[in-house]
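Only one structure is covered here, and it is reproduced in the block below.
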Amino acid sequence: KESAATIVEMLKDVTSYEGEDAVFECRLSREATQDAQWFLGDVPLQSNEMNEIRVQGTRHTLILRKVTLEDCGFISFKVGQHTSAA
């Protein structure tokens, strides 16, 4: 059985101005086969016109497009039992 992926590069806090994009990135110990999920507060995020979620190997990236004051809050990334927040 493969060991679960762990987060080796944690999220960093990002400060953005209204209308700018905010980019969050973290890196896993290996490519994750299980579900990795981004959250804004308690709300799971999905790729759409406002959010772009990218996976390139072990690097997971979330881009919040043209942020507003409503986007202010905690961003978290969860994979298996591991979580990183910014």
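Listed values, structure above:
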{"item": "The chain - Rg (one decimal) and Dmax (whole number), Cα, Å", "result": "12.8, 45"}
{"item": "The chain: relative contact order in percent, alpha carbon pairs under 8 Å with at least 6 residues between", "result": "37"}
{"item": "Region 7-80 - percent of accessible surface contributed by carbon and sulfur, probe 1.4 Å", "result": "49"}
{"item": "Vicinal HN-Hα couplings computed from phi for region 35-44 (Karplus, 6.51 cos²θ - 1.76 cosθ + 1.60; Hz; Gly/Pro x)", "result": "5, 9, 9, 9, 9, 10, x, 9, 8, x"}
{"item": "Point-charge dipole on Cβ atoms (K/R +1, D/E -1) for the chain, about Cα centre, debye to 20", "result": "400"}
{"item": "R0 of 30 Å, Cβ-Cβ distance Gln56-Asp13: FRET efficiency to nearest 0.05", "result": "0.85"}
{"item": "Cβ-derived FRET efficiency at R0 35 Å, Ser3 paired with Ile63, nearest 0.05", "result": "0.75"}
{"item": "Gain upon complete extension [Ala85, Asn48; 0.36 nm per residue less C-alpha separation]", "result": "11.2 nm"}
{"item": "Solvent-accessible area per residue for the chain (1.4 angstrom probe, square angstrom)", "result": "67"}
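The values are calculated or read from the model by the stated rules, or taken from the named source; none is laboratory data. Remember, predicted model here, so these are calculated numbers, not experimental data. Methodologically, a virtual Cβ is constructed for each residue, glycine included, from the backbone with ideal geometry; neighbour enumeration extends over all protein chains shown. To get the accessible areas, we keep the full protein, side chains included, count just its heavy atoms, and leave off ligands, DNA and RNA. Shrake-Rupley method; radii C 1.70, N 1.55, O 1.52, S 1.80 Å.
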